[in-house]
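Following: one structure in structure tokens, then a few remarks.
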Amino acid sequence: MLKQAWKSSQKRSSKTMSKSGISSPRTPYLLLLPGMGFLFTFFIWPIANLAQTSTQTPVAGGDTGSYEQTLRWKNYIDAFVENKEQFGRSFLYAALATIFALTIAYPLAYAIAFKAGKMKNVLLVLVVAPFFTSFLLRTIAWKQILGEQGFVVPFLRNLHIIAPSTTLTSSAFAVVAGMTYNFLPFMTLPLYASIDRIDPRTLEASGDLYANGFTTFRKVTLPLSMPGVVAGTLLTFIPAAGDYVNAAILGSPETKMIGNVIESRFFKIVDYPTAAALSFTLMATILILVTVYIRKAGTEELV
Amino acid sequence: MAEKTSIHGDLRLSNITKSYGDFTAVNDLSLTIPEGSFFALLGPSGCGKTTTLRMVAGLEEPTRGTISLGNTDITFTKPYQRPINTVFQNYALFPHLTIFENIAFGLRRRGIKDVKEQVDKALELVELSHLAGRKPTQLSGGQQQRIALARAIVNRPALLLLDEPLGALDLKLRRQMQIELKWIQKEVGLTFVHVTHDQEEAMTMADTIAVMNEGEIEQLGSPADLYDNPKTAFVANFLGQSNLIKGTISGNDGDNHIVDLFGQKISLAKNRSHAVDNSIYAGIRPEKFRISRLSTPTSGNLLSGGKIEDVSYIGVSTQYQVLMPWGQELMVFEQNDDAVAPFSVGEDVNISWESGFTFALRGDEDAEAGMEVEPEEIIEDDE
Amino acid sequence: MRKVSRWFQRNLIRIYAVVAFTYLLIPVAYTIAFSFNNGGKSNLIWKGFTLDNWMNPCGAPEVCTALGNSIKIGFLATLFSTILGTMIAFAIGRHKFRGRSTTNLLIFLPMATPEIVLGASLLSLFLTLKINPGFWPTVIAHVMFCISFVVVTVKARIASLDPRLEQAAMDLYANEVETFRRVTLPLVAPGIAGAALLAFSLSFDDFIITNFNSGTMTTFPKFVYVSAARGIPPQANVIGSSMFIIALVIVILGQVVGRKRAVK
């Protein structure tokens, strides 16, 4: 009762604070105007425009690339049916990459947060550092390391771990591995941020209260690091689902993802409506998945 | 800016009310704090003392009522327009500025000329001149506390507000700072308004204490007044401990009432009674009681038929719980001065005291008001 | 034997971390190593050590043009997104206003939208408006996707700011403007600097959105992607390695300065 009253008093007090802090009630809107105007013009409007493009059809007898609005909703069905394999692959690869990245990043983040001691900052820099070498250069480096002319493949072949005809690149494995690698820092940093915030005494308390290592992890560490898990998986899954660079560099025609299709529809085939319909479907699917995921994970305050 | 410092005089709060939605933090509070005094607002969490202080500082606006300093109404002026400075809870030192610049902050804003000289003087006052070049994070809690004080005092405000200034210090340091603060107040001659939930701290430092509860002032007076003759059960329990025994006034004897406590008669000075009718609570502080074996003759008021329930030896005194025939346990503090042999659990005893120590409260009060005080930081600490 | 297994158990997570770091850094090491390769144009196989590539990083055609474009775009995108994003962060972090949750949503959405959709939708808008893709459309695209990251970074810093510091400033005779200039801004500055660094690296490294909106203009990532098929000239490795080293130096300097400030 008192607590509630105090909460409402806090709300009020921060209100009066900002009132006396910076005088005019118009101030926040003035601060927002330029940035929000920019986002409306170059984010919302393009998305709306994309939605509009998605139901267009070619102008009869017109040039390549000229379309008119005919509200052909079937574009969506056609685009989806034609590319359902690539859709499925995109979400499968993205999910796999997310799971692998989480598996690699969680212990890593835990080690940095709790076991690194004075090395903490150095290790954090090392996690972020690869991010500054162009990700394309690193992806190509993997291609060359794992390629026919690299040292890994001959080595494994000599040991008879892989058959002489097996390659490591141009495969689904390589694409997923590449994505896992590329998004690893995006997974590690939010995980680190939330694990680092855990008071190590809570873990000791759990041990004191008869929980073994595994139970402590499941009942204390993991729940407390959930915000990091949610943020990390989103930061990995979302870009991974729309990625086409890894598939283009490390994959083969059999590993094409929806990103590759959208890209080629835009640039090679100049089929804007299909590209738009695919983009829109991709975005909508991701948004729905993200919403459901955030609700399930119970982490409302993400941004 | 010059006219700002010329405002001075008594601080007067008139019918101040502050509500947040349905919740009234401060209710129709009127209070005058004389210039030059060391005044304490004492009360448990959420009693409205910090809200009152923030309204004086200008960080909150009252819903109703006026605040004036001398003859100037300052109710709605901005914090930076008031000749009032605050020592914040947890100090709020600027982490990006050196100690010197922290103290110089107010002087520079006011366009004072001899900043260096004044800052040096303030640093000398708190005996930390050697730390001028450091950053706040490199200082200990006690040092930060003194810098926060210097940062406020250097401006020679008409009024200095202290918001739980010693709350973050450990006990020993707190005692030391209490004495130091009192000395500094005398030295600089400013009006200090001190908000605290620690009754001992308030009693050590202030010349006048206002005990607040649920947005209102329960009682105002000198520390001795409040302790010896509390007006309400809340004050009786919040300031130290009290034994409150239900009774009725059954007769008069000159300047005294005769009071019936569960069949035993005691006397009570009429001018120490705050009761409105015959139903009262008789109050006696635990250290005023004397325990005696049944055979020992006693003077003053006497309650017989007690039985020792519990004994705790705590060095300066021994604390006894004595079970009375009507089922109430009374708390008794006895000096360990070897005058009487210690009592042991189960012993049958009488309790006596000088009748002048008795005070009386209204019989319809809640005898347990003010006894349980919830942890401070959760609620009082705003944000 | 038992001792060994106990040591292993106790250090399992450290061993794991070492392996993970090796995985993270192998391609970086490879990139740096091959920047010293005397491999001519394709740079696929190790042919011997040379410093030539480092002495003459602009030796391969187009590398430096692409790099120059990337730096210009990165600089402009950082400047604009930092200004716009910081303003939004202050509005959200320091004020209560109607439409706050809508604002938050609008900040979150670009981060939840795949890059390819951002790139494709902007391109289709530019095409509709008959604006040719190129330098400025790319800058606009980069500002757009950087703003959200700036907002989130600066907002976190503002949220960690103790409001009592601002109250203390006002108590000490600083009016609203002075309070902002002397207390709020200096305390939020590290967050703004971090946001700017993040924006620059996001912009510099971006390929997908750039590829859609840059038309015929090359940027460094675009150059790498296009030349990947026939082999990347070692000069590209030189630039990649330099970026890595520069970033490392900036971060370490930031740490040292931060620590010095704390000590002094």
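Points to keep in mind about this one:
- Farthest toward positive dipole pole in the protein assembly as shown [+1 Lys/Arg, -1 Asp/Glu at C-beta], among B:Leu166, A:Tyr210, C:Gly119: C:Gly119
- Near B:Glu365, no amide H atom lies under 5 Å from its own; only residues 5 or more places off or on other chains count, and H is placed 1.01 Å from N.
- The stretch between C:Lys3 and C:Phe97, if pulled fully straight at 0.36 nm per residue, gains 27.6 nm over its current Cα-Cα span.
- For segment C:2-52, the dipole from Cβ point charges (+1 on Lys and Arg, -1 on Asp and Glu) about the Cα centre works out to 540 debye, to the nearest 20.
- The calculated FRET efficiency for the pair B:Gln335 and B:Ser250, based on their C-beta separation and a Förster distance of 30 Å, comes to about 0.35.
- For chain C, the direction-averaged projected area of the alpha-carbon convex hull comes to 22.1 nm².
- Peptide C:9-15 - average C-beta neighbours from other chains (10 Å radius): 2
- Degrees separating the helix C:135-159 axis from the principal Cα axis of chain C, which is the longest one: 50 degrees
- Distance between the modelled labels on A:Leu159 and B:Asp348, one decimal in nanometres: 9.3 nm (7 Å Cα→Cβ projection).
- Couplings 3J(HN,Hα) of segment C:229-234, computed from phi: 4, 9, x, 8, x, x Hz, in residue order, whole Hz [Karplus 6.51 cos²θ - 1.76 cosθ + 1.60, θ = phi - 60°; x for Gly and Pro].
- Segment B:205-215 - phi-based ³J(HN,Hα) in whole Hz, Karplus 6.51/-1.76/1.60, Gly and Pro as x: 9, 7, 8, 10, 10, 10, 8, 10, 8, 6, x
- Per-residue mean of foreign Cβ neighbours for B:51-61 is 3 (Cβ atoms of other chains, 10 Å radius).
- Convex hull of Cα atoms in segment B:239-345, direction-averaged projection (nm²): 7.6 nm²
- Added length on full extension, which subtracts the Cα-Cα distance from 0.36 nm per residue, B:Asp364 to B:Gln138: 75.9 nm
- Its relative contact order, with pairs defined as Cα atoms under 8 Å and 6+ residues apart, puts segment B:249-341 at 19 percent.
- By the rule of a second cysteine Cβ within less than 4.7 angstrom, chain C holds isolated cysteines at C:Cys146.
- Paramagnetic reach from B:Lys78 in segment C:143-186 [backbone N under 17 Å; point 7 Å along Cα→Cβ]: C:165-185
- Restriction of the trypsin sites (Lys or Arg not before Pro) in segment A:253-301 to DSSP coil positions whose beta-carbon has at most 16 other beta-carbons within 10 angstrom yields A:Lys268.
- Sites C:Val18 and C:Lys47 - FRET efficiency at Förster radius 45 Å, r taken between beta-carbons, to 0.05: 0.90
- Listed residues A:Met119, A:Met187, A:Met226, most fluctuating in chain A (Gaussian network, C-alpha, under 10 Å): A:Met119
- Cα gyration tensor shape for chain A, rounded if a/c is under 1.5, else prolate or oblate: oblate
- Size of charge dipole - segment A:74-302 - debye, nearest 20, with Cβ of Lys, Arg +1 and Asp, Glu -1, no other charges: 280 debye
- When chain A is described by a simple charge dipole with +1 on each Lys and Arg Cβ and -1 on each Asp and Glu Cβ, the residue from A:His160, A:Phe280, A:Tyr106 located farthest towards its positive end is A:Tyr106.
- Backbone N under 11 Å from the C:Ile131 label point (7 Å along Cα→Cβ), restricted to segment A:28-48: A:41-43, A:46
- For segment A:124-138, Karplus couplings with θ = phi - 60° (6.51, -1.76, 1.60), whole Hz, Gly/Pro x: 4, 4, 5, 5, 7, 3, x, 4, 8, 7, 2, 5, 5, 4, 5
- When +1 charges are put on Lys and Arg Cβ atoms and -1 charges on Asp and Glu Cβ atoms, the dipole computed for the protein assembly as shown relative to its Cα centre reaches about 4340 debye.
- Once the C-beta distance of A:Ile269 and A:Glu148 is scaled by a Förster radius of 45 Å, the resulting FRET efficiency is 0.90 to the nearest 0.05.
- Computed over the alpha-carbon pairs of segment C:2-52, the distance histogram in 10 Å steps reads 23, 28, 19, 16, 12, 1 percent, short to long.
- Distance from the Cα centroid of segment C:215-229 to that of segment B:243-318 is 95 Å (rounded to whole angstrom).
- Counting Cβ atoms of other protein chains within 10 Å of each Cβ in A:266-274 and taking the mean gives 2.
- A:Leu92 paired with B:Ala168, simple spin-label distance in nm, labels 7 Å along Cα-to-beta-carbon: 5.7 nm
- Less than 5 angstrom separates the built amide H of B:Glu60 from those of B:Met55, all sequence-distant by 5 or more or on a different chain.
- Computed from Cα positions, the angle between helix C:100-112 and the longest principal axis of chain C comes to roughly 0 degrees.
- Rounded tilt (10° steps) of C:12-34 against the dominant C-alpha axis of chain C: 60 degrees
- Between the alpha-carbon centres of segment A:167-198 and segment C:120-143 there is a gap of 31 Å.
- Projecting the Cα atoms of B:Ala57, B:Gly247, B:Asn301 onto the charge dipole of the protein assembly as shown, computed from C-beta unit charges around the Cα centre, puts B:Ala57 farthest toward the positive end.
- Cα→Cβ-extended label distance, 7 Å offset, between B:Lys113 and A:Phe214, nm: 7.9 nm
- For B:Tyr313, A:Tyr192, the sequence from fewest to most other C-beta atoms within 10 Å is B:Tyr313, A:Tyr192.
- Annotation: amide H-H contacts under 5 Å for B:Thr75 (H modelled 1.01 Å from N, sequence separation of 5 or more, or interchain): B:Ile67.
- Rg(Cα) / (2.2 N^0.38 Å) computed for segment B:131-180, rounded to two decimals: 1.19
- Cα-based shape type of the protein assembly as shown, given that a ≥ b ≥ c are square roots of the gyration tensor eigenvalues and the cut on a/c is 1.5: prolate
None of the figures in this text is laboratory data; all of them are computed from the coordinates on show. Fair warning: this is a prediction, and the values are worked out from it, not measured in the lab. Cβ sites come from the backbone with ideal geometry, for glycine too, and all protein chains shown count toward neighbours.
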